[in-house]
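Here's the structure we're looking at; comments come further down.
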Amino acid sequence: MRPLPRLLFALLALLPAFALTGAASPPAASATAEETVAPDPLDQAQLAQALSALRPQRPGISDLYVLGFAGDASDPVFRNEVLYLRQMFSRRFDTPGHAVALVNAPDNLDAHRYAPMATYDNLYDSLARIGALMDRDEDILLLFASTHGTEDHTLYVDAGPDGYDYITPEDLRQALDDAGIVHRVIVLSACYSGGFIPRLRSADTLVITAARADRPSFGCGNTANATYFGQAWLVEAMNQTDDFVAAYRLAAAAITTRERSEGELPSLPQLSQGKRIGATLARWRAGLQVGPAVPYPYPSVASNEDRAASVQPSR
């Protein structure tokens with residue numbers, strides 16, 4: 001059984017409102033894997049700062065909250081996509097103060113971290129904080145996870161020296177349900193990620209995955225700036241449209257063409273759209289003033305903006 005929310009979220013809830021203005025396969029999952037990521041005081045301080053900086057929702061406005069999760073520290077391509085996600089949605093889709101990036105990367109493992117770590121606990125606490133700030137009738141969550149996926153349908157979490165973990169579809173559904181978040185857009189850029197759809201689907205949920213349940217996706221590895229899916233959906237399609245479903249269609253076509261030209265087994269990206277989420281997203285788009293396209297790639301190391309936003313307390 002996964003842990004209940006940590007003390008961090010309970011403490012944050014007491015703050016006054018104005019203060020909250022295809023690379024190598026991962027190791028096989030084991031029953032005790034979730035216990036291998038140890039708490040880190042520096043990381044807990046980093047997360048507390050990031051969550052306390054989130055702004056409350058704006059009454060009468062359909063706000064989008066964005067949570068990015070870069071799960072594997074051994075491969076910077078995931079870090080690139082999640083930092084770009086935060087930058088792009090803040091500038092193009094009006095989410096400054098409503099976006100959090102959780103990042104496992106080689107340059108985010110020392111005392112000069114620029115983002116909280118991508119662990120299950122941090123994911124759980126971030127969702128809980130976002131859920132507490134949202135108007136559950138108006139607002140929407142976009143959760144974008146970029147990492148390795150396993151054939152038995154888990155997301156691999158490699159936090160470097162702090163250990164590794166696996167997030168199951170049940171883990172993710174529990175975290176979302178416990179947070180009380182109603183309107184959900186869940187985008188999973190990982191091999192075999194279509195296996196998450198049965199557990200995540202609901203009338204108020206849009207799920208987009210990089211691959212079918214029985215297929216790998218491509219573009220991991222230290223020589224890549226983005227995965228095939230991250231490039232096609234996030235970088236290219238979301239710079240052309242404000243419609244997540246339209247972006248999926250553009251991305252799926254681009255990925256199919258690319259995989260065919262390179263002789264790869266088709267990854268077959270998947271989409272599951274609940275019967276109510278379309279109308280919710282249409283209301284959000286109706287009140288949105290879309291900004292200009294945001295260039296990619298994001299720098300291969302964290303920008304000065306990321307470094308300046310980081311907290312570096314003494315241990």
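The values are calculated or read from the model by the stated rules, or taken from the named source; none is laboratory data. Note that this is a predicted model, so its numbers are computed, not measured. In this analysis, Cβ positions are derived from the backbone assuming ideal geometry, glycine residues included, and neighbour counts consider all displayed protein chains.
So is ASP214 assigned to a loop (DSSP other than H, G, I, E, B) and farther than 23 Å from HIS153 by Cβ or not? Break it down stepwise before answering.
Working: assigned to a loop (DSSP other than H, G, I, E, B): yes; farther than 23 Å from HIS153 by Cβ: no.
Here the answer is no, as ASP214 does not meet what is asked.
Which one is nearest to the chain's Cα centre (by Cα), of the residues in the range 258-297 that are more than 21 Å from ALA190 (Cβ to Cβ) and among the polar types (S, T, N, Q)?
By that ranking, first place goes to THR280.
Could you check, for the range 55-69, whether at least one of its residues is farther than 21 Å from THR205 by Cα, surrounded by 19 or more Cβ atoms within 10 Å (Cβ to Cβ) and either at pLDDT below 95 or under 16 Å from the mean Cα position of the chain (by Cα) (or both)?
Just the residues of the range 55-69 that are farther than 21 Å from THR205 by Cα, to begin with: 55-56, 58-60.
Filter again for surrounded by 19 or more Cβ atoms within 10 Å (Cβ to Cβ), leaving none.
The answer is no, given that none of the residues of the range 55-69 is farther than 21 Å from THR205 by Cα, surrounded by 19 or more Cβ atoms within 10 Å (Cβ to Cβ) and either at pLDDT below 95 or under 16 Å from the mean Cα position of the chain (by Cα) (or both).
Going by what's in this entry, would SER267 be described as in a loop (DSSP other than H, G, I, E, B) and modelled with pLDDT of 95 or more? Talk me through it step by step, then tell me what you get.
Details: in a loop (DSSP other than H, G, I, E, B): yes; modelled with pLDDT of 95 or more: yes.
So SER267 fits the description; yes.
Which one of the conditions (1) modelled with pLDDT under 95; (2) touching a helix residue (DSSP H, G or I) at 6+ places or on another chain (Cβ under 6 Å) does SER189 fail to meet, given that it meets all the rest?
Of (1) modelled with pLDDT under 95; (2) touching a helix residue (DSSP H, G or I) at 6+ places or on another chain (Cβ under 6 Å), only one is false for SER189: (1).
In the list ALA145, ALA105, which residue meets the criterion of being among the small types (Gly, Ala, Ser), under 24 Å from LEU42 (Cα atoms) and in contact with a helix residue (DSSP H, G or I) (Cβ under 6 Å, 6 or more places away or on another chain)? Explain how you work it out, then say what you get.
On the way: ALA145 fails: in contact with a helix residue (DSSP H, G or I) (Cβ under 6 Å, 6 or more places away or on another chain).
ALA105 is the lone residue from the list that is among the small types (Gly, Ala, Ser), under 24 Å from LEU42 (Cα atoms) and in contact with a helix residue (DSSP H, G or I) (Cβ under 6 Å, 6 or more places away or on another chain).
Consider the range 147-200. How many of its residues are buried (at least 21 other Cβ atoms within 10 Å of the Cβ), among the small types (Gly, Ala, Ser) and assigned to a loop (DSSP other than H, G, I, E, B)?
Adding up the residues that qualify gives 2.
In the range 201-233, how many are surrounded by fewer than 22 Cβ atoms within 10 Å (Cβ to Cβ) and of a type in the set (S, T, N, Q)?
4
Can you confirm whether SER90 is within 12 Å of the chain's Cα centre (by Cα) and among the small types (Gly, Ala, Ser)?
Numbers: within 12 Å of the chain's Cα centre (by Cα): no; among the small types (Gly, Ala, Ser): yes.
When the stated conditions are applied, SER90 does not pass them.
Table: residues versus (1) modelled with pLDDT of 95 or more; (2) in a helix (DSSP H, G or I); (3) over 20 Å from GLY194 (Cα atoms); (4) touching a Gly at 6+ places or on another chain (Cβ under 8 Å).
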{"position": "ALA232", "(1), (2), (3), (4)": "yes, yes, no, no"}
{"position": "MET238", "(1), (2), (3), (4)": "yes, yes, yes, no"}
{"position": "ASP242", "(1), (2), (3), (4)": "yes, no, yes, no"}
{"position": "VAL245", "(1), (2), (3), (4)": "yes, yes, no, yes"}
{"position": "ARG249", "(1), (2), (3), (4)": "yes, yes, no, no"}
{"position": "GLU259", "(1), (2), (3), (4)": "yes, yes, no, no"}
{"position": "LYS275", "(1), (2), (3), (4)": "yes, no, no, no"}
{"position": "ARG283", "(1), (2), (3), (4)": "yes, yes, yes, no"}
{"position": "GLY291", "(1), (2), (3), (4)": "yes, no, yes, no"}
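Looking only at the range 70-80, filter to residues that are touching a Gly at 6+ places or on another chain (Cβ under 9 Å) and more than 13 Å from ALA115 (Cβ to Cβ); which one of those is modelled with the highest pLDDT? Before the answer, list the steps.
Our first condition is that a residue be touching a Gly at 6+ places or on another chain (Cβ under 9 Å); within the range 70-80, this holds for 73-75, 77-78, 80.
Next, from what is left, pick out any that are more than 13 Å from ALA115 (Cβ to Cβ): 74-75, 77.
Working: SER74: 86, ASP75: 85, VAL77: 91.
Top of the filtered list is VAL77.
Please go through the range 253-263 and give me each residue that is buried (at least 17 other Cβ atoms within 10 Å of the Cβ) and farther than 12 Å from GLU236 by Cβ, ordered by number. First the steps, then the outcome.
Taking the range 253-263 first, the residues buried (at least 17 other Cβ atoms within 10 Å of the Cβ) are 254-255, 259.
Scanning the range 253-263 gives a single hit, GLU259.
List, please: which pairs have Cβ atoms under 6 Å, are six or more places apart or on different chains, and start with a residue in the range 84-99 that is at pLDDT below 95 and end with one that is in a helix (DSSP H, G or I) and surrounded by fewer than 23 Cβ atoms within 10 Å (Cβ to Cβ)?
PRO96/SER90
Checking VAL301 against (1) modelled with pLDDT under 95; (2) within 24 Å of PHE93 (Cβ to Cβ); (3) within 20 Å of the chain's Cα centre (by Cα), only one condition comes out false. Which one?
Checking VAL301 against (1) modelled with pLDDT under 95; (2) within 24 Å of PHE93 (Cβ to Cβ); (3) within 20 Å of the chain's Cα centre (by Cα), the one that fails is (2).
So in the range 55-112, with the set limited to residues that are among the β-branched types (Val, Ile, Thr) and assigned to a strand (DSSP E or B), which one is nearest to PRO161 (Cα to Cα)?
Taking the range 55-112 as the starting set, the residues that turn out to be among the β-branched types (Val, Ile, Thr) are 61, 66, 77, 82, 95, 100, 103.
Narrowing the set further to residues that are assigned to a strand (DSSP E or B) leaves 66, 100, 103.
Working: VAL66: 27, VAL100: 23, VAL103: 14 Å.
Residue satisfying both the conditions and the ranking: VAL103.
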